[in-house]
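Since the structure comes first, as structure tokens, the remarks are kept for the end.
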Amino acid sequence: MLMQTHEARLKALREELKRRDLTGFIIPISDEHMSEYVGEYAQRLNWLTGFGGSAGFAAVTLTHAAIFVDGRYTVQVRDQVDESLFEYRTIPGDSLGEWIVSVAEDGAKIAYDPWLHTWNWVAALEKQVEPSGIAMVPAETNPIDAVWADQPEPSGAQAIVHDDTLSGRPSAEKRSDVADWLTRNKLDAVVIPALDSIAWLLNIRGADVAHTPVALSYVIAHKDGRAELFIAPEKVTPELTKHLGNAVSVRGRDEFTAALGEFAGKRVSVDPEFGVVGIAQGLREGGADFVFKQDPTILAKAIKNPAEQQGHRDAQARDGAAVSRFLRWLEVTAPSGEVDELAAAAKLEGFRREHGDLRDTSFDTISAASGHAALPHYKVDEDSNISIPPGSIYLVDSGGQYPAGTTDITRTIWINSADGSAQPTAEMKDRFTRVLKGHIQIDRARFPQGTNGGQLDCLARQYLWEAGVDYAHGTGHGVGSFLGVHEGPQRIAKPSGGQAGTGQELFAGMICSNEPGYYKAGEFGIRIENLVLITQQDINGAEGPYLGFETLTFVPLDRTLIETDLLTQSEIEWVDSYHRDVRALIAPQLEGDDLAWLERECAPL
């Protein structure tokens with residue numbers, strides 16, 4: 001029945017394309033703000049294909065269809081998408097432009113939604129297909145929306161004020177900085193479509209997108225310090241109006257497109273990563289001189305001020321107690337073989353809620369048993385859910401959204417047998433310990449000001465490389481303050497392959513994840529993830545400023561998987577010191593069996 005449903009949806013889309021005299025259409029996972037996570041109304045790819053991953057796109061012509069995903073989702077796409085309807089394509093190896101040229105003829109018109117793609121993305125695709133006589137055409141309205149009969153409406157949740165005691169800086173001060181940036185760059189205004197940038201700039205939050213506390217809106221900031229917030233009227237409360245003050249005018253979200261035409265003769269900037277074609281078209285048609293520049297809030301948002309830093313510490317302490325209680329529960333319960341992946345994820349969220357102030361999870365919990373743990377971005381659902389086998393590795397990557405901060409932690413756990421006799425293999429312990437050694441190297445790293453994440457990445461991989469193995473994801477990403485769990489512009493990852501953010505200089509105040517891993521396909525996966533804060537380092541005799549990391553995440557590591565013979569004495573001392581810090585922070589929040597478990601897990605190696 002499911003396959004018939006998607007077959008009928010694909011047929012309906014093709015009929016709509018014929019009605020519009022179009023040859024094809026591109027369907028991304030995206031919204032008008034180029035968000036990582038999107039609202040239910042924007043889940044067009046999932047509706048059309050059944051694919052539930054967080055990245056990918058499909059291309060449909062009147063005769064062919066394909067779905068493009070990266071290496072994280074090659075297994076998932078085959079489980080969820082009918083191959084008789086959509087060809088499987090892997091990016092970056094497979095090119096969308098080449099695929100279009102191979103299936104479309106001279107004179108074909110391939111449509112795209114101009115509010116779901118950036119200007120540069122469309123320009124690059126046009127360069128590939130136009131020599132073959134194929135035209136890329138902006139659709140007036142999205143053809144999926146015309147055939148999706150029960151498409152949800154965008155969220156109507158009210159926007160809320162994010163208190164200055166948590167944000168650390170008033171919005172007026174941030175807007176003044178943006179105005180100074182506009183003046184320095186000889187610009188009159190900047191269009192800000194990124195939802196987390198808007199939330200940070202105006203000190204507001206929302207509940208319109210799962211896992212990210214943002215409100216659907218746009219901002220245009222002016223060089224005189226004024227700003228215009230375009231937001232649906234039902235989201236605006238008297239408290240919000242009072243908070244925004246006279247310098248921020250509130251207009252309907254449906255007025256935004258027309259407002260882009262109000263800048264004739266003015267120089268206006270938009271970030272090329274978030275500035276969709278619809279915005280650029282609106283500015284150009286209105287006579288604006290628009291330029292592409294990075295959103296001036298991006299770097300400022302990434303460098304956390306003292307209040308945000310302390311908020312993260314507070315959130316991590318609360319979160320660490322909840323995760324520790326979960327791990328003790330898992331140790332007691334899972335050896336029965338009666339705990340499945342969904343039940344474990346639900347239990348973990350329950351512990352977080354018991355510790356108070358949890359507003360949402362920061363992403364869908366990766367609750368991965370046995371071979372599923374070898375999929376770095378596995379997402380459990382009713383179809384994929386399995387029981388956690390005794391005598392196996394279980395990986396759980398999870399996080400919480402608290403008003404004080406956003407958390408993200410991964411722990412890899414050995415699940416014993418009911419009689420307590422099961423032991424991890426020598427290979428499992430070797431790989432876990434090599435991952436741990438790399439994690440320690442990142443945690444202890446000191447580096448000169450001016451270093452970027454690409455220059456640190458190999459520190460985490462070196463011990464895996466010694467064994468001839470590696471992992472295919474980055475080592476670290478930025479994290480927001482009660483905002484996105486994946487926040488740029490910084491990233492710790494291999495500098496090759498064009499990975500965004502690896503060339504970004506690291507600054508004190510940035511928060512990154514530290515998450516090396518190892519994955520043996522079909523058998524097990526390992527990842528150890530803490531969040532770290534970049535701090536100034538006082539080094540005697542240092543020739544210039546140096547930086548390092550302060551650990552923010554405090555939850556015991558599974559000592560069953562540690563092969564101590566592979567650790568140096570200084571690495572053993574790091575583990576023992578880390579566990580002393582865990583005990584000092586988390587023990588006062590626990591009692592009874594939970595406290596006894598923590599004391600045992602934090603004993604010296």
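Hey, does segment 554-566 have a residue that's loosely packed, with under 12 Cβ neighbours inside 10 Å and either of a type outside the set (D, E, K, R) or touching an Asp or Glu at 6+ places or on another chain (Cβ under 9 Å) (or both)?
No, the conditions are met nowhere in segment 554-566.
Which of the residues belonging to segment 200-213 are more than 17 Å from E273 (Cβ to Cβ), among the aliphatic types (A, V, I, L, M) and either open to solvent by less than 20 Å² (accessible area, probe 1.4 Å) or in a helix (DSSP H, G or I) (or both)?
Selection gives L202, I204, V209.
Scan segment 61-84 for residues that are touching a residue at least 12 places away in the same chain (Cβ under 8 Å), open to solvent by 50 Å² or more (accessible area, probe 1.4 Å), more than 18 Å from K11 (Cβ to Cβ) and touching a strand residue (DSSP E or B) at 6+ places or on another chain (Cβ under 9 Å) and jot them down.
The one that is touching a residue at least 12 places away in the same chain (Cβ under 8 Å), open to solvent by 50 Å² or more (accessible area, probe 1.4 Å), more than 18 Å from K11 (Cβ to Cβ) and touching a strand residue (DSSP E or B) at 6+ places or on another chain (Cβ under 9 Å): G71.
Failed condition for R444, given (1) surrounded by fewer than 23 Cβ atoms within 10 Å (Cβ to Cβ); (2) closer than 21 Å to Y394 by Cα, with all others met?
(2)
Can you pull out the residues in segment 386-397 that are of a type in the set (V, I, T) and surrounded by fewer than 21 Cβ atoms within 10 Å (Cβ to Cβ)?
If the condition is that a residue be of a type in the set (V, I, T) and surrounded by fewer than 21 Cβ atoms within 10 Å (Cβ to Cβ), then I386 is the only one that fits.
Looking at the structure I just gave you, is G517 under 23 Å from R461 (Cα atoms), exposed (fewer than 14 other Cβ atoms within 10 Å of the Cβ) and under 29 Å from the mean Cα position of the chain (by Cα)?
no
Working carefully through the options A135, A139, A58, find the one that is surrounded by fewer than 20 Cβ atoms within 10 Å (Cβ to Cβ), closer than 30 Å to L283 by Cβ and hydrophobic (A, V, I, L, M, F, W, C). Explain how you work it out, then say what you get.
Values: A139 fails: surrounded by fewer than 20 Cβ atoms within 10 Å (Cβ to Cβ); A58 fails: surrounded by fewer than 20 Cβ atoms within 10 Å (Cβ to Cβ).
Exactly one of A135, A139, A58 is surrounded by fewer than 20 Cβ atoms within 10 Å (Cβ to Cβ), closer than 30 Å to L283 by Cβ and hydrophobic (A, V, I, L, M, F, W, C), namely A135.
Taking only segment 214-236 into account, find how many residues are assigned to a loop (DSSP other than H, G, I, E, B) and open to solvent by 10 Å² or more (accessible area, probe 1.4 Å).
Count: 6.
Would you pick out the residues in segment 407-421 that are touching a helix residue (DSSP H, G or I) at 6+ places or on another chain (Cβ under 7 Å) and either within 22 Å of Q462 (Cβ to Cβ) or not aromatic (F, W, Y) (or both)?
Once the filter is applied, which keeps residues that are touching a helix residue (DSSP H, G or I) at 6+ places or on another chain (Cβ under 7 Å) and either within 22 Å of Q462 (Cβ to Cβ) or not aromatic (F, W, Y) (or both), segment 407-421 yields T407, I409, R411, T412, I413, I415, N416, S417, A418.
Exactly one of these conditions fails for A172: (1) open to solvent by 20 Å² or more (accessible area, probe 1.4 Å); (2) among the hydrophobic types (A, V, I, L, M, F, W, C); (3) assigned to a helix (DSSP H, G or I); (4) free of Cβ contacts under 8 Å to residues at least 60 places away in the same chain. Give me its number.
Here A172 meets the rest and fails (4).
Might you check whether a residue that is modelled with pLDDT of 95 or more and closer than 20 Å to E262 by Cα occurs anywhere in segment 198-208?
no
Any chance you could count how many residues in segment 529-546 are out of contact with any Phe, Trp or Tyr (no Cβ under 9 Å at 6 or more places or on another chain) and not in a loop (DSSP other than H, G, I, E, B)?
We begin by selecting, within segment 529-546, every residue out of contact with any Phe, Trp or Tyr (no Cβ under 9 Å at 6 or more places or on another chain); these are 529, 531, 540-545.
With not in a loop (DSSP other than H, G, I, E, B) added as a condition, the list becomes 529, 531.
Within segment 529-546, residues that are out of contact with any Phe, Trp or Tyr (no Cβ under 9 Å at 6 or more places or on another chain) and not in a loop (DSSP other than H, G, I, E, B) number 2.
Take the residues of segment 1-55 that are under 30 Å from G206 (Cα atoms) and among the acidic types (D, E): which is most open to solvent (accessible area, probe 1.4 Å)?
E40
Which residues, counting only those in segment 398-416, are in contact with a Pro (Cβ under 7 Å, 6 or more places away or on another chain) and open to solvent by 10 Å² or more (accessible area, probe 1.4 Å)?
Within segment 398-416, W414, N416 meet the criteria.
Among the residues of segment 532-554, what is the count of those that are in contact with a His (Cβ under 8 Å, 6 or more places away or on another chain) and of a type in the set (V, I, T)?
Matching residues across segment 532-554 total 0.
Going residue by residue through segment 363-385, is there one that turns out to be in contact (Cβ under 8 Å) with a residue 60 or more places away in the chain, within 30 Å of G168 (Cβ to Cβ) and open to solvent by less than 40 Å² (accessible area, probe 1.4 Å)?
Looking through segment 363-385, at least one residue is in contact (Cβ under 8 Å) with a residue 60 or more places away in the chain, within 30 Å of G168 (Cβ to Cβ) and open to solvent by less than 40 Å² (accessible area, probe 1.4 Å).
May I ask you to verify whether P424 is open to solvent by 20 Å² or more (accessible area, probe 1.4 Å), in contact with a helix residue (DSSP H, G or I) (Cβ under 7 Å, 6 or more places away or on another chain) and over 17 Å from Q76 (Cβ atoms)?
Considered against the rule, which asks whether it is open to solvent by 20 Å² or more (accessible area, probe 1.4 Å), in contact with a helix residue (DSSP H, G or I) (Cβ under 7 Å, 6 or more places away or on another chain) and over 17 Å from Q76 (Cβ atoms), P424 comes out as no.
Within segment 298-324, can you find the residues that are among the acidic types (D, E) and more than 18 Å from W200 (Cα to Cα)?
Of the residues in segment 298-324, the ones among the acidic types (D, E) are 308, 314, 319.
Selection gives D314, D319.
Would you confirm whether or not segment 484-507 contains a residue that is open to solvent by less than 20 Å² (accessible area, probe 1.4 Å), of a type outside the set (K, R) and more than 17 Å from the chain's Cα centre (by Cα)?
For segment 484-507, residues open to solvent by less than 20 Å² (accessible area, probe 1.4 Å), of a type outside the set (K, R) and more than 17 Å from the chain's Cα centre (by Cα): present.
Residues of segment 181-192 being out of contact with any Pro (no Cβ under 9 Å at 6 or more places or on another chain) and either β-branched (V, I, T) or open to solvent by 10 Å² or more (accessible area, probe 1.4 Å) (or both), which ones? Spell out how you get there, then give the answer.
Taking segment 181-192 as the starting set, the residues that turn out to be out of contact with any Pro (no Cβ under 9 Å at 6 or more places or on another chain) are 183-184, 186-189, 191.
Passing the criteria: T183, R184, K186, D188, V191.
Which numbered condition in (1) open to solvent by 50 Å² or more (accessible area, probe 1.4 Å); (2) under 21 Å from D408 (Cα atoms); (3) in a loop (DSSP other than H, G, I, E, B) is the only one that E550 fails?
(3)
Which count do you get for residues in segment 138-169 that are among the hydroxyl-bearing types (S, T, Y) and in a helix (DSSP H, G or I)?
2
Given V69, V101, V75, V81, which one is in contact with a Pro (Cβ under 9 Å, 6 or more places away or on another chain) and not polar (S, T, N, Q)?
From the options V69, V101, V75, V81, the qualifying one is V101.
Give all pairs with beta carbons closer than 6 Å in which a residue from segment 329-341 that is more than 12 Å from P390 (Cβ to Cβ) and without any contact (Cβ under 8 Å) to a residue 60 or more places away in the chain meets a residue that is open to solvent by 20 Å² or more (accessible area, probe 1.4 Å) and outside any loop (DSSP other than H, G, I, E, B); count only pairs at least 6 apart in sequence or on separate chains.
As it stands, the answer is D340/S387, since those pairs meet every condition given.
Report, ordered by the first and then the second residue, all pairs with beta carbons closer than 7 Å, sequence separation of six or more or different chains, a first member in segment 39-51 that is more than 17 Å from D208 (Cα to Cα), and a second member that is modelled with pLDDT of 95 or more and among the small types (G, A, S).
Taking only residues 6 or more apart or on different chains, the pairs are L45/A58; L48/A58; T49/A58.
The values are calculated or read from the model by the stated rules, or taken from the named source; none is laboratory data. Everything numeric in this text was worked out from a predicted model, so none of it was measured. Note that we place each Cβ from the backbone using ideal geometry, even for glycine, and neighbour counts take in every protein chain shown. Ligands, DNA and RNA are stripped out before the accessible areas are found, and what is left, the full protein with its side chains, is counted by its heavy atoms. Shrake-Rupley method; radii C 1.70, N 1.55, O 1.52, S 1.80 Å.
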